Amino acid sequence: MEVIIAETPDAVGRIAARIIAETVRIKPDAVLGLATGSSPMVVYAELARMRHATEIDLAATRGFALDEYVGLAPGHPASYAAVVQREIAEPLGMMFENVTVPDGGRPDHEQACREFEAAISDSGGIDVQLLGIGTNGHIGFNEPTSSLTSRTRIKTLTEQTRADNARFFNTAAEVPRHCITQGLGTILEAGQLILVAQGKGKARALAAAIEGPLSSMCPASLLQLHPRATVVVDEEAASQLSLADYYRYAFSSKPV
Ligand code: GLP
């Protein structure tokens, strides 16, 4: 795992965006795994800037969202389908019809999950998966104790996650109790993983993910199993990493 400590949250965005841009330059129709939440927004902002500067063209890329709430009204502004369209596909110039979001509105959840997994397989697989991390170590919506080999499925959100995400809704009570999320086994199959995190609130979960044991109690520790995992964090999020100096040294003396 490569750990890159950036000086500022914006620098996190620039570094992660550069990794995605390299993939897209090599493969213009790359399949991107799209995370929502606030952490990856700096990455999308930088990709949108690169697009406007004609440094990158994302029009042929395809995308898969990581997760979706269950039971929100179609078009709800906090649904990840709406967020992906409004805050990712449109500013990046991706075709929204080329982006698949798990369908949280279908009564037959199991079938919706099977179809989502089949769509990933049919695309040839996700080339690069962007991830955030929850304060309890979740990735996607894989809450602690999620099986490390899990596939896309319905999950019950922890009260911690519901409270953390209440800021995207009018009231805390409106936050759904259930979601559909790519499984940890699904995420592990992506060609490359990039996890971004900013702020002190993520420091404990991040240290557990990078330097703690591989454990379903910290789902983000799954990155330890992936041969191409990069973690890009700001100083505050890195504040509990015991090997921070080593990560800085390794990055600054990286062979070219
Ligand atoms: C949500 C999302 C995750 C995200 C996490 C952290 O629960 N499902 O994909 O990583 O929140 O969100 P934020 O980046 O807003 O802190």
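The values are calculated or read from the model by the stated rules, or taken from the named source; none is laboratory data. Everything quoted here is computed from the prediction, not taken from an experiment. Neighbour counts are summed over all protein chains in view; Cβ atoms, including those assigned to glycine, are modelled from backbone coordinates with ideal geometry. Heads up: the accessible areas ignore ligands, DNA and RNA and are worked out on the full protein's heavy atoms, side chains in. Shrake-Rupley method; radii C 1.70, N 1.55, O 1.52, S 1.80 Å.
Listing for the model above:
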quantity: Overall dimensions of region 69-110 by Cα: Rg and Dmax, Å; calculated: 10.9, 32
quantity: Ser242 accessible area, assembled protein chains, probe 1.4 Å, Å²; calculated: 100
quantity: Average accessible area per residue (Å²) across region 192-256 - probe 1.4 Å, nucleic acids and ligands excluded; calculated: 50
quantity: Histogram of C-alpha separations across region 104-256, 10 Å bin width, %; calculated: 11, 37, 35, 15, 3, 0
quantity: Exposure rank, largest accessible area first [Met94, Met41; 1.4 Å]; calculated: Met41, Met94
quantity: Axial C-alpha extent at least 24 Å, average Kyte-Doolittle at least -0.5 - helices from the chain (DSSP); calculated: 9-26
quantity: For the chain, radius of gyration divided by Kirkwood radius, i.e. Rg to Rh on alpha-carbons; calculated: 0.94
quantity: Accessible surface ranking that places the most exposed of Glu90, Glu68 first, with a 1.4 angstrom probe; calculated: Glu90, Glu68
quantity: Label point distance in nm, Ala173-Tyr249, each placed 7 Å from Cα along Cα→Cβ; calculated: 5.6
quantity: Accessible carbon and sulfur surface of region 1-119 relative to its total accessible area, %, 1.4 Å; calculated: 54
quantity: Nearest-10 value in Å² for the accessible area of Arg248, using the 1.4 Å probe; calculated: 90
quantity: Set of aspartates and glutamates with alpha-carbon distance to Lys27 below 12 Å, sequence-local pairs under 8 removed; calculated: Asp57, Asp127
quantity: Most fluctuating residue given options Ala119, Ala81, Ala229, as computed from a GNM of the chain linking Cα atoms under 10 Å; calculated: Ala119
quantity: Residue-level accessible surface for Tyr246, protein heavy atoms, 1.4 Å, Å²; calculated: 130
quantity: Straight-distance crosslink candidates among aspartates and glutamates, where the alpha carbon sits under 12 Å from Lys200 and sequence neighbours closer than 8 are dropped; calculated: Asp234, Glu235, Glu236
quantity: By accessible area with a 1.4 Å probe, ligands and nucleic acids excluded, highest first: order of Asp29, Asp127; calculated: Asp29, Asp127
